[in-house]
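Every number in this text was worked out from the coordinates using simple rules, so none of it is lab data. A quick note: this is a predicted structure, and the numbers were derived from the prediction, not measured. Cβ atoms come from the backbone with ideal geometry, glycine included; neighbour counts cover every protein chain shown.
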DNA sequence: GTTGACCCTCCAGTTACTAGAGGGTTTAAA
DNA sequence: TTTAAACCCTCTAGTAACTGGAGGGTCAAC
C-alpha cells in the first residue's frame, strides 16, 4: 500500500508517517521506484502509534509501548507503570491548567470590558511579585 | 542592577532574560563594559511578563499585553477579549486532557499489573481504528 | 597576580511535526 | 505519443520558548 492510502487508514498526515520512519518508529519496505510500501504490520504499528499519541504519550513512550507490545514475555506491570507515570504527568498538567483557568476567569469577570482604560487584568499582571513566592 | 540580581527579583533564569531581550520584549541599557543594566521599568516589565507567562499567555500575547499596559488610551475591552480568547484555549486543552485522563485511568484500572503479559492497555492501543472515526 | 564569580556572544539542541523547494514516476486522457 | 494531474521522493528550514555549553572578557578580593 502506498503512503497516501496508508495515511488515510491510519488517520495521519503523509508527512507525519515519513517523519516516523525517519526517527525509526516504523520501517516500511520500498518498491523498485523508491516508493514506500506499507504492509499489514506497518499499518498496525501506525495505528498503534496514532492511538498512543492521542492518549498523550510522547514519541519515546510510543517506542517503548511498541517494544512491549511485540515482546511476548513482557510483564503487564511494566506497561502499567509507564501508563501511571504518564497519568501523573497529565494530572500535573491538569492542575496547572485549572489553576490558570480559575485565576484568569476571576480576572475576566472583574474586568468591565468597555471603552475605559481601567482594567483589573492589567492591574493584576502589573502587581509587584509576591515576596512570599520569592526566595 | 545586573542580570543575576534582576533574575532573582523577577523569578526568571538569566538565560530567559537574555532571550527576552533578543526577541525584543525588553530593552535594558548597557554599561561601558557591555554588561546589561536593568532599571525599575525593566524590572517591572520582566515581572509583568513572568506573571503573564505563568497564566499561560504566549510570548506574542505578552507583547500585546505590555503594549496595552503602556497605552493610556486603551479600552479594557481589548484586554478582556485577549484574555477571553486565551481562556478558550485553556478550556479546550482542559477538555482534551480530561478526555485522555479518563481513558487512561480506565485502562490502568483494568490492567492487573503483574508478571503476566496480558495487558488491556496494550490491547486497547492495538485495537483497529474505529471505522466511525475514519472518513 | 591570580582565583572565582560574574558577564558576554554565538551555536546547537529540545518536541513533534509542518511547509516548501526541486525533481522523479505513474496514470489516464487527448 | 504527448502531456497534465496526481502521485512519490529527498532535503532544508521553520515552529515555541527556551536551555546548555563552548569560548572568552571583567571584576573584586586576597
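Closer than 30 Å to residue A:126 by Cα, surrounded by 14 or more Cβ atoms within 10 Å (Cβ to Cβ) and more than 7 Å from every other protein chain (Cβ to nearest Cβ): is that true of residue B:82 in this structure?
Working: closer than 30 Å to residue A:126 by Cα: yes; surrounded by 14 or more Cβ atoms within 10 Å (Cβ to Cβ): yes; more than 7 Å from every other protein chain (Cβ to nearest Cβ): yes.
When the stated conditions are applied, residue B:82 passes them.
Name the helices (runs of 4 or more DSSP H) wholly inside the stretch B:1-109 in which the number of residues that are under 30 Å from residue A:58 (Cα atoms) is 2 or more. First the steps, then the outcome.
Details: elements: B:3-10, B:14-22, B:40-54, B:59-70.
Those helices (runs of 4 or more DSSP H) span B:14-22, B:40-54, B:59-70.
All of A:50, A:67, A:75, A:7 fail the test of being without any contact (Cβ under 8 Å) to a residue 60 or more places away in the chain and within 14 Å of DNA strand D (Cβ to nearest atom), apart from A:7. Are any residues in the stretch B:5-39 within 14 Å of chain A (Cβ to nearest Cβ) and either over 19 Å from the mean Cα position of the chain (by Cα) or near DNA strand C (Cβ under 8 Å from one of its atoms) (or both), and if so, which ones? Correct list: B:5, B:6, B:7, B:8, B:9.
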